[in-house]
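Here the structure comes first, spelled out in structure tokens, and everything after it is commentary.
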């Protein structure tokens, strides 16, 4: 995370947050204390006698994107406080206590996502990520959170977080193209479909709205929230928190906001600080190396967009990625992959998710996966698992 330092003075806003003013001479020497923080005494993660790293986890590419792990660190801290040991909380996730020791730890996103899934399983809390997002301390995100909350309005908060997200993560892609005219914000995580990240995605969604509500000092609600993953339990909790219709198994992860709400001013806005922090973010982006999403992830997304239309062919996907089918085949081969393996792997991951987390009928799942009929889906599922879809759902 890009460091910021210098002299500052602060005042407490009406909402109880500290708004800092910074006096600097050189941008490269800036150090800014949190402009949005309540006094607190952070508790570091306890030292462990040994670390559990990757036991039971399937091998994954080292090229997967990195993500700030501060919220994983806080989750680990809380689990330890609840009486869980390090073997229980880190087993099979790839994370370890040592990896979370820095003040601003960074880890592969797949490890962080796996850790959140593990925590939900340990605590038997199916909405762990969603619930934690509702009380997330945004200041833990560092520089990107500060530029967000010092922005003039909700709209600029979103645009700045989207634009400068690489300061905190290489894993998230944010689409603001429809934000100004239609109030629609879309996002996704750049990881293969086989990496389950439902808990963290829900943490991200509830946490983003929580941060904006705090900064605006107003409990505004979206008009619609959608998630790509399936869910068949605790949906009422999502409707209650977001204050609108929530759809699972949709085409995109998205918010639809009222245009008037996007214009709401932020109580934490600070023009002088905002200018300084934007310069810091620009510099941070220049010096930070960016992990480019792997070709396999791009191919999976292109396939996913075309599955239900029956257009998920190598020719169509290659065209969408701006290359010829032969070039796509060659580049996939360089990563030890074929188009059929990518298509088959994505269908398997989606099928397992639909059967495990939704009440969709088998005919509906067959359609969503782009199969011509239920028998084709049954044959493929038996090849993957040795069971029929119905048998798998009932186990």
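Throughout, read-outs are computed from the coordinates displayed, never taken from laboratory work. This is a predicted model, so every value here is computed, not measured. FYI the Cβ positions are ideal-geometry reconstructions off the backbone, even for glycines, and counts take in every protein chain you see.
The table that follows gives values for the structure above.
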quantity	calculated
Coordinate range along principal axes, alpha carbons of segment 297-395, Å, largest first	42, 25, 22
Where Rh is the Kirkwood radius over Cα pairs, Rg/Rh for segment 64-114	0.94
Computed E for residue 125/residue 182 - FRET, C-beta separation, R0 30 angstrom, nearest 0.05	0.30
Rounded FRET efficiency, nearest 0.05, which uses the C-beta distance separating residue 194 from residue 372 and R0 of 25 Å	0.55
Residues of segment 116-156 with amide N under 19 Å of the 7 Å Cα→Cβ point at residue 84	116-137
Translational diffusion of segment 158-238, µm² s⁻¹ [Kirkwood Rh, Cα pairs; Stokes-Einstein; 10 °C; 1.306 mPa s]	111
Protection proxy ranking, peptides 160-167, 195-202, 122-129, average beta carbon neighbours within 10 Å, highest first	195-202, 160-167, 122-129
Directionally averaged projected area (convex hull, Cα atoms, segment 222-344), nm²	12.1
For segment 91-241, the fraction of alpha-carbon pairs in successive 5 Å shells from zero, as %	2, 8, 16, 22, 22, 16, 9, 3, 0, 0
Radius, Kirkwood style, for segment 210-249 when every pair of distinct Cα atoms is counted (Å)	11.0
Simple label model, 7 Å out from Cα along Cβ direction - residue 286 to residue 315, nm	4.8
Distant alpha-carbon pairs in segment 145-186 (separation over 16 angstrom), percent	35
